[in-house]
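Below you'll find the structure, written out as structure tokens, and then a few comments.
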Amino acid sequence: MSVALTYFDSVYFYEDDDKLSFPSFVFAEPVMEEIYIIDSKGRIVIYTSDLYPLYSFGKNIGIQSPQGLTVDAEGNLYVTQAETQDIPRPRISVFNACMKWVRDIYIEGFEGADSFIPYRLTLDKKGHIYVAGTYFPGVVVLDDKGKFTDMISPEEEGRKVKVNNVAMDKAGKIYLVSEEAGKVYVYNENKKLLFKFGEKGGSTGKLSRPRAVGIDNRNGRLYVVDYMRHTISAYDGEGAYLFEFGGMGWSEGWFQYPNDIFIDKDGKIFVADMFNNRVQVFNAW
């Protein structure tokens, strides 16, 4: 099929002598149109929509081990953090729009909570927080105060599968990524399973180790980043496979262990090309 997708640019640096190091996460904030990147230096780096560096935050504001983040309608920043020597409990740290610490959310109230390490998260329009742990069998749902309310647990052959990422589209549909199963599970806003897609495997059209799903809210197209195949697989809004791009390499449009993906409101595709120490950006139509 004809693919309307072109390479746009790459981000390698925060400042002239400060390179990105194994960027593992990327997020495009829709209101201020800022790009957030997390790399292995334990920091969050923020860029303008045209990729000009703005700020870098880390230990100076209480961010020590960021894993993922999202931003609510008021500009509050929610950051998942793993345990550290200083703070031995995993948590979600909340900062206001001025990057001032507000509170920490410690996840509890369900079986397995003691071993749950928050990894990725998203918010619905009511402020409910959906949290994927590090390969935990389900996504934890918290209310706007951070209290546990529910769990979404996809199953295969009667067994709960481990989930490593979660995303949400503008209609409120919830997308759970399972690297273990090689699938993406799609739920409606009432947490009812609508459909699932993806097939475990190492060849074209299959998913070996899917790490994240990006949603193009203009047309419903879905993009899944495959860490082990070094590719991005595209699907339509109902999960039908369309095409893939990438492959292992170092040039523009090639990847080396990509780990995350996000599509902004204009259709720009941001890929955390982790072992190439960059974030690549593509235009899609």
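The values are calculated or read from the model by the stated rules, or taken from the named source; none is laboratory data. Computed from a predicted model, the values in this text were never measured in an experiment. Cβ placement follows ideal geometry from the backbone for every residue including glycine, while neighbour counts extend to all protein chains displayed.
Couple of notes before you dig in:
A quick yes/no check of all residues on (1) out of contact with any Ser or Thr (no Cβ under 9 Å at 6 or more places or on another chain); (2) not in a strand (DSSP E or B):
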| position | (1), (2) |
| --- | --- |
| F245 | no, no |
| W250 | yes, yes |
| D260 | no, no |
| D266 | no, yes |
| F270 | yes, no |
| F275 | yes, yes |
| V281 | no, no |
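- Being surrounded by 19 or more Cβ atoms within 10 Å (Cβ to Cβ), of a type outside the set (A, V, I, L, M), under 16 Å from the mean Cα position of the chain (by Cα) and assigned to a strand (DSSP E or B) is a condition met by no residue of the range 85-97.
- Complete set of residues in the range 25-52 that are buried (at least 17 other Cβ atoms within 10 Å of the Cβ) and either small (G, A, S) or modelled with pLDDT under 95 (or both): A28
- Output for the range 176-205, where each listed residue is within 19 Å of the chain's Cα centre (by Cα), closer than 17 Å to Y227 by Cβ and in a strand (DSSP E or B): L176, V177, S178, K183, V184
- Test: G237 is within 26 Å of T48 (Cβ to Cβ) and part of a loop (DSSP other than H, G, I, E, B): no
Okay, residues lined up against (1) over 21 Å from D9 (Cα atoms); (2) buried (at least 20 other Cβ atoms within 10 Å of the Cβ); (3) more than 17 Å from the chain's Cα centre (by Cα):
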position: V213; (1), (2), (3): no, yes, no
position: R229; (1), (2), (3): yes, yes, yes
position: W250; (1), (2), (3): no, no, yes
position: G253; (1), (2), (3): no, no, yes
position: Q256; (1), (2), (3): no, no, yes
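- Top-ranked residue of the range 118-176 - restricted to ones that are of a type in the set (A, V, I, L, M, F, W, C), more than 21 Å from P30 (Cα to Cα) and touching a Ser or Thr at 6+ places or on another chain (Cβ under 6 Å), ranked as surrounded by the most Cβ atoms within 10 Å (Cβ to Cβ): V163
- When the residues of the range 3-24 are filtered to those that are surrounded by 19 or more Cβ atoms within 10 Å (Cβ to Cβ) and touching a Phe, Trp or Tyr at 6+ places or on another chain (Cβ under 8 Å), the one that is nearest to I63 (Cα to Cα) is L20.
- Among the residues of the range 32-47, the ones that are among the β-branched types (V, I, T) and within 17 Å of N283 (Cβ to Cβ) come to 1 in all.
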